[in-house]
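Chemist: Once you've had a glance at the structure underneath, I'll fire off some questions.
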Amino acid sequence: MALLLGVGAVIGIAVGSGVVVRLRRWALPTLLTLVSVASIGAVVAMGRRLRLSTEGLENVGQADVAGGMVGKLLLVSVIACAVALCAARLFDLNGRLAAAGRFHKRGMANPSDIAKAFMCFYVASSILPIFFGVQDYFHVRLVYPFFVYLAIFLWLPLHERDPVNVCKVMTGLIVFTSLLFAVVQPEAAIQPGYGGLIPGFNVRLLGTTTHANSLGAVTCGYILLEMAEPVRKRWMHLLLLGGAILCIILSQSKTSIIGVFAGASIIYGTRIWHFFNRKGRDYNGAGGQLLALALGVACLIIVIVAAVMMFGDGSMLRSLERKLNPRAVGDLSSGTGRLWIWAAAIDAGMQNPLFGQGADYWNLATRLRLGLSGAATAHNQYLQVFSLSGLVGLVTLLIFMGYLIRYAIRGAKASGNATIAMLVVLLLRTISETPIAPTVILAAEFFATTAYFIYIIDRGARPRRLATAGMAQLAGTMPQTALHYR
């Protein structure tokens, strides 16, 4: 039986690879769309029904067997598609796929450096702790996302059309299905009894995601993509942007709302700068630049004030008066509350500095033991990686982030600083969240983070002639006349 299954898998991969080569134009969109549909389908199939009781928020719905089977079938289809894409690229020995790709036609170098950096980070943070972590833990979810990410990085330079449009479809699908889900099944999409940012507004939109912060993250990514590169028709642009802004307000996600402010300030601030700079040439160039700079500083002050107001911990003294245990502070999402989580993450990483605790450290038993039952993660990207995979995972993450910063800076001019905006929002989220979670591909954070990666890499790709010139200079054979390309 095992032999038959193995032979069938090989035949299936071969047939799938052949189909991918023939339909290469749809390879990357098909994979990302499948992941989006699988994420939405898994949430809908849960049969979720949210209700506020005396014990807090409860899910009183139950998923049936058919719903669970649908979710598993969608996940299997995602894995099969990813493996087929990887195999098709592996069997492309004559380079036909690369020659027809968008990067080759644009004269851009293959972004293999940042792809290798990310895959090394994946292995260091997800695979090595299986063998060297403190906890003995293995799950198949630690392995199959490797092929999904590998397929994305392999096919990004091979895609014939602009992959940013694929990212907008991928993230927009989750945003607008969440709004639709809130209308069709409000008991499954809206969290009641939430005291959030808006006074008197005690509901929170989860939509087709597992958490409102996840919905806020993917909505933030969609808004920034639409701001950076809007659709051609203005009425459609305003309609899409208005719906997305409504979605992120209903999610009441603090970090995501601040991210939108920060990203919009950079994108529109750059446009205002260029506008007044052009106008200033006819009148007073210095005056136009000073006005644009003043607007930028005003936007930055607004972002800082908003952050202080959202994360301010005004109820902390009252919480400490009611509870003697400092770990039982009422709101772990506040600044002071997260200090306890970060301290616990540092202690966990120091117990095994090289390889960390393992992928299952932040489980319910550990959180109850630490008195942090509401902290499913370390609420900090770097401390999360350090606690799970130690210094090995943390160093590889920093190397990857270094490459990402380099690509963002390189693509800043061509994109009107949109790559910088995406990078700033991603770095902002790493302070209080864990947006880069390699082993989770069906959560909404995956789509936002992947959209940032694809946008920055595509817009910040290096021209192939520069890469060739650099290699020639390294070998000492580059003619002096080619130095001006650097």
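Values quoted throughout were computed directly from the atomic coordinates according to the rules given, and no laboratory measurement underlies them. Given the structure is predicted, the values throughout are model-derived calculations rather than measurements. Note: ideal-geometry Cβ built from the backbone for every residue, glycine included; neighbour counts use all protein chains shown.
Chemist: What is the packing order of peptides 269-275, 428-434, taking the mean over residues of other C-beta atoms within 10 Å and listing the highest first?
Modeler: 428-434, 269-275
Chemist: Now a separate question. So what's the net charge close to F176: Lys and Arg +1, Asp and Glu -1, counting the other residues with Cβ under 13 Å from its Cβ?
Modeler: Local net charge: 0.
Chemist: Now a separate question. Mind jotting down the distance between the C-alpha centroids of region 125-181 and region 337-399, whole Å?
Modeler: The distance from the Cα centre of region 337-399 to that of region 125-181 comes to 22 Å.
Chemist: Using a Debye calculation, one point per C-alpha and no hydration shell, please list log10 I(q)/I(0) for region 185-284 at q = 0.14, 0.18, 0.23 Å⁻¹ in order.
Modeler: For region 185-284, the Cα-only Debye profile gives -0.62, -0.87, -1.16.
Chemist: Let me ask something additional. Quick query: amide H of Q191 versus all other amide H atoms, modeled in the peptide plane; which residues come in under 5 Å with a sequence gap of 5 or more or a different chain?
Modeler: For Q191, whose amide H was placed from the backbone, the distant partners under 5 Å are R204, L205, L206.
Chemist: Remind me, relative contact order of region 184-239 in percent, using alpha carbon pairs under 8 angstrom and six or more residues apart?
Modeler: Worked out over region 184-239, it gives 20 percent.
Chemist: If packing is taken as the mean number of other Cβ atoms within 10 Å per residue, what is the order of 163-170, 395-402, highest first?
Modeler: Most protected by this proxy first, the peptides run 163-170, 395-402.
Chemist: Follow-up. Go through region 189-253 and name the trypsin sites (Lys or Arg not before Pro) that are in a DSSP coil and have 11 or fewer other Cβ atoms within 10 Å of their Cβ.
Modeler: Taking region 189-253 and a limit of 11 other Cβ atoms within 10 Å, the loop trypsin sites (Lys or Arg not before Pro) found are R232, K233.
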